[in-house]
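Scroll down for the structure; my scribbles are underneath it.
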Ligand SMILES: Nc1nc2c(ncn2[C@@H]2O[C@H](COP(=O)(O)OP(=O)(O)O)[C@@H](O)[C@H]2O)c(=O)[nH]1
Ligand SMILES: [Mg+2]
């Protein structure tokens, strides 16, 4: 990058679905601003973004790309946010930092729905955003249809600031509705002004519609329109800027990043329309100087790097920053980031997005205060439900400790990852957004921390119970040399209602089992319930100790525990054991065109649809409520996404255990027995 421009430093996010050309648009902005030379070829590896081995291997972005450029008097920090679900959390934490988001869309009304999750999040966070319809050279449908589709997925009115000019089947230029000027696109260069000519009537209509939309939020403009007064150009521009930044409208621009069409026009929109960083600081309620943390990463030799945006004043290398919990750490190096390249700097300007070295106390979404006392901000990034899990274990046993430390770093870097230790199955389960999300994380871990892991679908925590009752006698008796062992009990074993768990009681009279050993009997009973006759933990059983006997010398705690265990081992087998499986209650959210796909998918997975209706707060979406066996959830997210253009999502919670019988039960029991012998 060249010398710093003297003006504002603004941060802009490029967001939207995968493949709409965000990374390409970042490149085009860098080229159009003169920060970078145009390159022949293109594709992954040729752009500033997507330089990591993981991104290159996949041919699309899998992490945030950072770059910056100067344009006219101002500077811009651009964050290219990938659309893939595999790195969704990174984007979640980046959005609150920016002054403006450019939602990059395909020129296809059928794909407009893909923008909805992004638009919802921008609306929720109240971040000013515009839509850039990219690849306009491939557009084949009339503008009104596209605009209608965009309006269908945006809570705010979408306002076309331009209309495309068609030459037969192809778009060759645009009319700027604010300036009332026509332009012909030129590859890699500024567009060329043309006379409005035959487009005049069309322009007048479209402009009038734009003014009507603006007038919905401006009485002065409304009066002028009603009174047939031609509004001052100044007023129109002022309204466009104000209504964008107040979150009242979402303007729409067109272009083609690969050809460089409309990119200079977009630069001008950033310059004229994007709010100053002070507005974002206000939105975040960041009223002390400091930095908003976008992302943290462990970068080999360099150690921990914190990507953050500077607010409220410049930040010098060595500055002390206070985390929300009051912990302090010092900036150990400041870096300007341009894709894979970093350049050391002494000072970051207010508004800059920089990488900060060795900040021990920093996590995504935090605001670190440069003023000593901890500060808090208003942005609440919502956590993503971990919808997919894999059981993991180090391939080499000696790697266990290194695996734990590598996982801790992975989880810190990617807030959508979590590691759970399943108390029932004793497995370590890595959870996240999808199979590819977890594979990506493990691939990174292998490359950066050289820890290799084996993965498997997580084991379902089945249980078993009984349907019959029995009164069981058991005696543990051993005579080995001097001291013997003697414990003798009679227990009543009965089934409980589903979900009641375990109850133990005793009705011992006359001290036939001495009081001090009754807890040992209960312990023995519990020991046996850890693994019942079918091989699973036993639940929903009541056990009463009703009788027994002891030996003055040989009885002991150990002996009674053993007797309790024996009684259960023998007794449970006589009570018609029954397999139980966990059932979860799901809320599945999909665009309503996919609702019937979901309701017919669920029964094929032994699921039970409880009902469906409109999703709260999401126009055009439904929420399907259902019961689904836990064991079927692993495959659900993949199938759900494939029937919903990747948009489907769900929440789940354990609901109840239910009986499994027949073939399904036989297979599960056989599988467990084979595992035990393996
Ligand atoms: N024809 C055309 N191709 C584009 C355009 N923008 C991006 N592409 C291509 O579309 C593919 C995906 O672009 P990319 O920038 O990686 O998309 P992203 O997933 O949004 O970052 C790449 O092969 C680009 O070269 C465009 O405006 N026109
Ligand atoms: Mg990309």
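The values are calculated or read from the model by the stated rules, or taken from the named source; none is laboratory data. All values reported here derive from a predicted model rather than from experimental measurement. Note that each Cβ is placed from the backbone with ideal geometry, even for glycine, and that neighbours are counted across all protein chains shown.
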Top-ranked residue of the range 62-89 - restricted to ones that are more than 21 Å from residue 270 (Cα to Cα) and touching a helix residue (DSSP H, G or I) at 6+ places or on another chain (Cβ under 9 Å), ranked as surrounded by the most Cβ atoms within 10 Å (Cβ to Cβ): 86
Test for residue 49: is it surrounded by fewer than 23 Cβ atoms within 10 Å (Cβ to Cβ) and either within 12 Å of ligand 2 (Cβ to nearest atom) or without any contact (Cβ under 8 Å) to a residue 60 or more places away in the chain (or both): no
Top-ranked residue in the range 148-174 [being crowded, with 22+ Cβ neighbours inside 10 Å and closer than 17 Å to residue 208 by Cβ; ranked as nearest to the chain's Cα centre (by Cα)]: 158
Failed condition for residue 36, given (1) more than 14 Å from ligand 2 (Cβ to nearest atom); (2) in contact with a helix residue (DSSP H, G or I) (Cβ under 6 Å, 6 or more places away or on another chain); (3) at pLDDT below 95; (4) not in a loop (DSSP other than H, G, I, E, B): (4)
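Do any strands (runs of 3 or more DSSP E) entirely within the range 56-111 hold 1 or more residues that are within 16 Å of residue 306 (Cα to Cα) and outside the structural domain of residue 292 (by TED's automatic domain parsing), and if so, which?
Hits in the range 56-111: 65-71, 74-80.
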Subset of the range 462-497 (residues that are modelled with pLDDT under 95 and part of a loop (DSSP other than H, G, I, E, B)): 480, 481, 482, 483
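Results for (1) in contact (Cβ under 8 Å) with a residue 40 or more places away in the chain; (2) closer than 19 Å to residue 386 by Cβ, shown as yes or no for each residue.
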{"position": "582", "(1), (2)": "yes, yes"}
{"position": "588", "(1), (2)": "yes, yes"}
{"position": "645", "(1), (2)": "yes, no"}
{"position": "654", "(1), (2)": "yes, yes"}
{"position": "659", "(1), (2)": "yes, no"}
{"position": "666", "(1), (2)": "no, no"}
Residue tally, condition surrounded by fewer than 23 Cβ atoms within 10 Å (Cβ to Cβ) and either touching a helix residue (DSSP H, G or I) at 6+ places or on another chain (Cβ under 8 Å) or not assigned by TED's automatic domain parsing to the domain that holds residue 252 (or both), over the range 113-126: 5
Failed item in (1) more than 12 Å from ligand 1 (Cβ to nearest atom); (2) part of a helix (DSSP H, G or I), with residue 137 passing the rest: (1)
